[in-house]
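Take a look at the structure below.
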Amino acid sequence: MNGAASHETRSQPNGTPKGSAIVRRTNRFDPNFTQHVIDTTGPKTSPRIRKVMASLIQHIHDFARENEVTVDEWMAGVEFINEAGRMSNDVRNEGQLVCDVIGLESLVDEITYKLVSEADSAPTATAILGPFWRADAPRRDMGATIVQNIPDGDHTFIQGIVKDYLTGEPIEGAELDVWHTAPNGLYEQQENQVEHNLRGRFTTGKDGRYSFYCLRPISYPIPDDGPAGKLLKLLDRHPMRPAHIHFIVSAPKYKPIVTQVFDRRDEHLANDSVFAVKDSLIVDFLPREGDPKAQFELAYDFRLATFEDAKKYSLVGPTEEKASQSTVDGNGSRNEQALNMIGAKE
Ligand code: BEZ
Ligand code: FE
């Protein structure tokens, strides 16, 4: 192909010099082209970008060769990406959705948070953030409800302790940022609900305890009226997510976790459209007695690792270093640290 095949005897796409008789070659495509593209990277490129981009170019060229991707097919792919971009705005992240349905956010979550613990207990498992988190959820009093102006749904009391995963000591000043959908399967920013409905932030006291009222979550379809939905249909898949509640749990000096808890009763646990379910995050909502404000209850403790402990056992990437730094310096809000952790904010 072009690039690598230089000078006067520029190759045909199959590597056959112009004018010569057709000769069958072992390589159907120019064997030097990919390396040539990689080698055009300049000396001022950072080592990480150099490594990641070389790998990306290699894999994407191999993919095109292996599948003999045609110009029409490639253009359809480009249009798919462009459409996802056009559909994205402040309240919709179609690019992230597309990544979710091919399992990429879940895989990156697993890679980022891999923590090989030799202790009996491990930190609470992580799960994907998804596109519906909001940075500005209101702070609410401990024990308050996050439900506003919703007539139906099963009211639920959730309580537990945020603790250090190694010592079991309660963590004072830990923040829980929580969000889930309304009984119609929509997050507040997807329709005209009361602003910040079904989301809130709670801060633990000395005993590390938290509690709040919410609704028992229900399964719901991810938005499937755009490219991510088209992809699901092409793959003959459904858009459903099992019932879950999202959390970001953070505390000074501790590595924040982004996670979800899933209702054991849900029929979609084994076929989540975005592959986020982990066994240790499946929980039991139990009937609640003697509380006129709730029909169900859930007890769930969160176990966090200090940055120091996390570093001993985990892969530490650049985003983690950044989050660690901002904690040590006391710069930025805890949400900013959590976002740094998940690479969602620079
Ligand atoms: C969510 O759970 O909010 C979600 C995650 C991935 C894609 C769409 C929604
Ligand atoms: Fe969700």
Amide H within-cut-off set for Phe302, under 5 Å, with H built and near neighbours excluded: Ile161, Val162, Lys163
Which shape class applies to the stretch 51-92: rounded if a/c is under 1.5, otherwise prolate when a/b exceeds b/c and oblate if not, where a ≥ b ≥ c are the square roots of the Cα gyration tensor eigenvalues? oblate
As a footprinting exposure proxy, order Ile161, Ile282, Ile49 by other Cβ within 10 Å, with the fewest listed first. Ile49, Ile282, Ile161
Tell me the relative contact order for the stretch 196-317 as a rounded percent, counting alpha carbon contacts under 8 Å between residues six or more apart. 19 percent
Span from the the stretch 150-210 Cα centroid across to the the stretch 38-75 one, whole angstrom: 42 Å
Rounded to whole Å and sorted largest first, what semi-axes of the equivalent ellipsoid does the C-alpha gyration tensor of the stretch 44-157 yield via the square root of 5 times each eigenvalue? 38, 24, 14
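Could you work out the relative contact order of the stretch 99-216? I mean the mean sequence separation of Cα pairs under 8 Å and 6+ apart, divided by the number of residues, in percent.
Numbers: 179 pairs, mean separation 39.7, N = 118.
About 34 percent, as a whole number.
Students often get this wrong, so check it: of Lys206/Lys255; Lys163/Lys293; Lys163/Lys312; Lys51/Lys312; Lys163/Lys206, which have C-alpha atoms separated by over 22 Å?
Working: Lys206/Lys255 19 Å; Lys163/Lys293 27 Å; Lys163/Lys312 19 Å; Lys51/Lys312 25 Å; Lys163/Lys206 11 Å.
In this structure, Lys163/Lys293; Lys51/Lys312 exceed 22 Å between Cα atoms.
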Would you list Leu232, Leu186 from fewest to most Cβ contacts within 10 Å? Leu186, Leu232
What list of whole percents do you get for P(r) of the stretch 173-238, with Cα-Cα distances grouped in 5 Å bins up to the one holding the largest distance? 3, 14, 18, 16, 15, 13, 10, 6, 4, 2, 0
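Every read-out reported here was derived from the displayed coordinates using simple, explicitly stated rules and does not represent laboratory data. It should be emphasised that the depicted structure is a prediction, and the values quoted were computed from it without experimental measurement. Here the Cβ is made from the backbone with ideal geometry for all residues, glycine too, and neighbour counts use every protein chain on show.
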